[in-house]
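The values are calculated or read from the model by the stated rules, or taken from the named source; none is laboratory data. In this text, all values refer to a predicted model and were calculated from it rather than measured experimentally. Note that we place each Cβ from the backbone using ideal geometry, even for glycine, and neighbour counts take in every protein chain shown. Ligands, DNA and RNA are stripped out before the accessible areas are found, and what is left, the full protein with its side chains, is counted by its heavy atoms. Shrake-Rupley method; radii C 1.70, N 1.55, O 1.52, S 1.80 Å.
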Amino acid sequence: MGHATKKTPYFDIDINSDSKNILVIQKWKYEWLANGFSEWTYPQKEDYHKKFEKAITSAWNNKAKVKISGTSDFAKENTSKVFTIMFDIKWVITNAHWHVVVCKQNKFDSIKRPVVKWSENKIELYTMDIIPVGKKGAPKGLLQTNVSHEFGHSIGNHSYIKGMHNDEYRKTSSFYDEKTSIMNFGMEVKVRHFDYLLKILKEMLPNTKFDISV
């Protein structure tokens, strides 16, 4: 079995035994808002898609390794392999996972902030969200790129999903003290941030155990 694939409303997953990659693909359909600035040109749109993708993949790609075991045929064939979790963001016109609204902005705004609306398959972003910033309440010198944090919500770290994680900078979070976490104030990816992906992987391949490490 060289491949195993699964489509979900939020991303597609492809497990490739040959490349030893677990590829998570998100398809984004954009809506571009000028917000009082000059209208978006195609080169600007293309540039920001690339910037968003670079920020996300720099933060999330190659961070998690996966060992496979179990009694399934797939597990038996791949028990000695170590897989890498990778992400790919595709700009599409149809059949999107997410409706992504991008609004021009020339400074950070405490009111107009990025958000992932899981139940609507909608992501709201601003052009400033590719710039590392120190968040209110963060330790001095600790920076975060907003789009990379929001992407974490879009792969399952969201309060809408029962039993999953959400923003860890909230005092109610069990991980409030881990300030450097990407779902807190920093950019560090933790094993728990793949819990929703792990749930989907288990659904894809019964009798298969996935051990994730970062």
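Ligands, DNA and RNA left out, the accessible area of region 157-214 computed with a 1.4 Å probe is 50% carbon and sulfur. Note on K117: aspartates and glutamates with a C-alpha under 13 Å away, same-chain residues under 8 apart excluded, are E150. Seen against the Cα atoms of the chain and their longest principal axis, helix 195-204 is set at about 40 degrees.
Note that the chain presents 51 Å² accessible area per residue, ligands and nucleic acids not counted, probe 1.4 Å.
Counting only DSSP H runs of at least 4 residues, each contributing -39500 (n - 2.57), and dividing by the residue count of the chain, the helix-based mean residue ellipticity at 222 nm comes to -6000 deg cm²/dmol. A simple spin-label model places pseudo-atoms 7 Å from Cα toward Cβ; at T79 and N106 they are separated by 6.3 nm.
Using Cα centres only, tell me the gap between region 16-63 and region 135-214 in whole Å. Cα centroid to Cα centroid, the span is 19 Å.
Report in % the part of the accessible area of region 19-87 that belongs to carbon and sulfur, leaving out ligands and nucleic acids; probe 1.4 Å. Before the final figure, lay out each step's value.
Numbers: 1790 of 3580 Å².
So the carbon and sulfur contribution to the accessible surface is 50 percent.
Of all DSSP bridge pairs formed entirely within the chain, close to 55 percent run antiparallel.
Filter the trypsin sites (Lys or Arg not before Pro) in region 1-94 to those in DSSP coil with at most 13 other Cβ atoms within 10 Å of their Cβ, and list the result.
Working: sites: K6, K7, K20, K27, K29, K45, K50, K51, K54, K63, K65, K67, K76, K81, K90; in loops: K20, K63, K81.
Listed in order of number, the matching sites are K81.
Among the listed values [x] 31, 21, 14; [y] 23, 22, 18; [z] 28, 22, 16, the one computed from these coordinates for semi-axes √(5λ) of the Cα gyration tensor in Å is [x].
Dipole orientation for the chain: of the candidates T208, T79, Y160, Y160 has the Cα lying most toward the positive pole (charges on Cβ; Lys, Arg +1; Asp, Glu -1). Restricting the chymotrypsin sites (Phe, Trp or Tyr not before Pro) of region 1-106 to loop positions (DSSP other than H, G, I, E, B) with no more than 11 neighbouring Cβ atoms within 10 Å leaves nothing.
Farthest towards the positive end of the charge dipole of the chain, among the residues A55, Y196, I182, is the Cα of I182, using unit charges on the Cβ of Lys, Arg, Asp and Glu. Of the chymotrypsin sites (Phe, Trp or Tyr not before Pro) found in region 145-198, the ones in coil according to DSSP and having at most 13 other Cβ atoms within 10 Å of their Cβ are Y160.
Normalised by the number of residues in the chain, what is the relative contact order in percent for Cα pairs under 8 Å and 6+ residues apart?
Contact order relative to length: 21 percent.
The dipole here belongs to region 1-139: it is taken about the Cα centre, uses +1 on the Cβ of Lys and Arg and -1 on the Cβ of Asp and Glu, and is about 440 debye.
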